[in-house]
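Asker: For reference, the structure I am asking about is given below.
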Amino acid sequence: MAEGQERIVEPLAKFHAQVYKNGRISLPSHERKYFGIGDHDIVELIVRKIEEGKIIGRGWFLAQLTVKGRLTIPQGLREELNINDGDFVEVLLLGFIHVEDVLGKEGIRIIRAIRSNEYKLISDEDEKRLLSMIGRGIYHMLYFKE
C-alpha cells in the first residue's frame, strides 16, 4: 500500500434496525441466510446512535441470537447512548461464531434448556440418581433418563 493511502475496512454487513422492548433488535433474515448464521450463534456488533444524520455515539458488544435472529443491545450501552424503545440504530456486523462448532450438539441442547427455563419435578429416587451422576457433566443431569 502506498504511503498516505488508507486501507478501507468494511463490516460483513451494515443495516438499520428499530429497537423494540428491552433493547431487542433483529439481524435481517437475508443477512443470516447469506452468512449461514443460525439461532444461538454469537454475533459481534457495533451499534451506532444517529441523530440528524450524524453519529452521536457508538458501542461494541457480543450477543447471542435467539429465534428469528433476535438479540438484545446491552442495557448499560442503551443507557449510555440513550437508546430507547422505538429508536432506529445503525448496526455493523463484524463477525460471528457458530455455537455448535464450539460447543457441539450437547452444548446447543444445554443452551436451549436454559433459554426455555426447562425444569422437572423430581422424586426422592430421581434426586439420588442425579446426585450419583455428579462428575458426569451437566448434560447428563439435565437429560437423565427416567
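No value in this document is a laboratory result; all are computed from the given coordinates. It should be emphasised that the depicted structure is a prediction, and the values quoted were computed from it without experimental measurement. Glycine gets a Cβ as well: all are built from the backbone with ideal geometry, and neighbour counts include every protein chain shown.
Asker: Over 20 Å between Cα atoms, which of Lys14/Lys105; Lys68/Lys120; Lys105/Lys128; Lys21/Lys68; Lys21/Lys54 qualify?
Answerer: Lys14/Lys105; Lys68/Lys120; Lys105/Lys128; Lys21/Lys54
Asker: Still on this structure, I have one more. Provide the net charge surrounding Leu94, with neighbours chosen by a C-beta distance below 11 Å and charges set as Lys +1, Arg +1, Asp -1, Glu -1.
Answerer: Every neighbour counted, the sum reads -1.
Asker: Considering the values (i) 44; (ii) 22; (iii) 29, which represents percent of Cα pairs over 26 Å apart as calculated for the structure under consideration?
Answerer: Read-out from the structure maps to (i).
Asker: Most fluctuating residue of Glu100, Glu51, Glu125 in a GNM of the chain with Cα springs under 10 Å: which is it?
Answerer: Taking springs between Cα atoms under 10 Å, the residue moving most is Glu125.
Asker: To continue, here is another question. How many nm is it between the label spots at Lys33 and Ile97, if each spot is 7 Å from the Cα in line with the beta carbon?
Answerer: Rounded to a tenth, the inter-label distance reads 2.8 nm.
Asker: Rank Gly53, Gly104, Gly76 by mean-square fluctuation in a GNM of the chain with C-alpha springs under 10 angstrom and give only the top-ranked residue.
Answerer: Gly53
Asker: Please build a GNM for the chain, connecting alpha carbons under 10 Å apart, and tell me which residue among Glu44, Glu106, Glu31 fluctuates the most.
Answerer: Glu106
Asker: Something else about it: What nm distance separates the two modelled labels at Lys128 and Lys105, each placed 7 Å from Cα along Cα→Cβ?
Answerer: Each label point is offset 7 Å from its Cα along the Cβ direction, giving 3.3 nm.
Asker: Also, I was wondering about something else. I need Leu62, Leu93 ordered by Cβ neighbour count within 10 Å, fewest first.
Answerer: Least crowded to most crowded, the residues run Leu62, Leu93.
Asker: Computed FRET efficiency, Cβ-Cβ of Glu79 and Ile114, R0 22 Å: what is it to the nearest 0.05?
Answerer: Here the calculated transfer efficiency is 0.30.
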